[in-house]
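The structure appears right after this line, and notes come after that.
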Amino acid sequence: MEIIVENFNKEKYNRAKKRVEEIKGFYIHSAIYIVINTFILINIYVRTDNFWQWEHFITLVAWGIGLMFHASKTFGVNPFLGRDWEQRQIQKYMDEDKEEMKKYK
């Protein structure tokens, strides 16, 4: 019994550690995004006459989209499919299978 509890605790610890590493990776990604893009924007502002040209913001926007996907993966938020979309789909297909099995009984 002791071994089972020990293995369970190791598994919980490993899952928690992996989760913390994912969150840490996102925060590092966010910090790098802010620092690099701040320098890019300052450089553009200092060196150009027309700061508000769209070409200057391609990196900021493209990288921002990538950062949003990273946040979505890290925190389990999916604005396109909803929070429990996957669970609803699983339930839907399980219900369909049950209905299919009833036909053959």
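A short reminder: the numbers here are calculations on the coordinates, not readings from a lab. Bear in mind the structure is a predicted one, so any value in this text is a computation, not a measurement. Note: ideal-geometry Cβ built from the backbone for every residue, glycine included; neighbour counts use all protein chains shown.
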*Once the Cα atoms of helix 85-103 and of the chain are each reduced to a long axis, what angle between those two axes, in degrees from 0 to 90 to the nearest 10, is obtained?*
30
*Report the label-to-label distance for ASP97 and ILE34 in nanometres (one decimal), using points 7 Å from each Cα along the Cα→Cβ vector.*
4.6
*Which of TYR93, TYR33 has the fewest Cβ neighbours within 10 Å, and the rest in rising order*: TYR93, TYR33
*What's the tally of Lys pairs in the chain whose alpha-carbon atoms lie under 21 angstrom apart, where the two lysines are 8 or more places apart or on different chains?*
10
*Using alpha carbons only, how many degrees (0 to 90, rounded to 10) separate the axis of helix 2-47 from the longest principal axis of the chain?*
20
*When the helix-only estimate is applied to the chain (DSSP H runs of n ≥ 4, each -39,500 (n - 2.57), divided by the residue count), what is the mean residue ellipticity at 222 nm, nearest 500 deg cm²/dmol?*
-28500 deg cm²/dmol
_Angle check, please: helix 58-75 long axis (alpha carbons) against the longest principal axis of the chain (alpha carbons), in degrees 0 to 90, nearest 10._
30
*In the chain, if every C-alpha pair distance is counted and binned at 10 Å from zero, what percent goes to each bin?*
12, 21, 21, 21, 13, 7, 4, 1
*Treat every Asp and Glu Cβ in the chain as -1 and every Lys and Arg Cβ as +1, leave all other atoms uncharged, and give the resulting dipole magnitude about the Cα centre to the nearest 20 debye.*
240
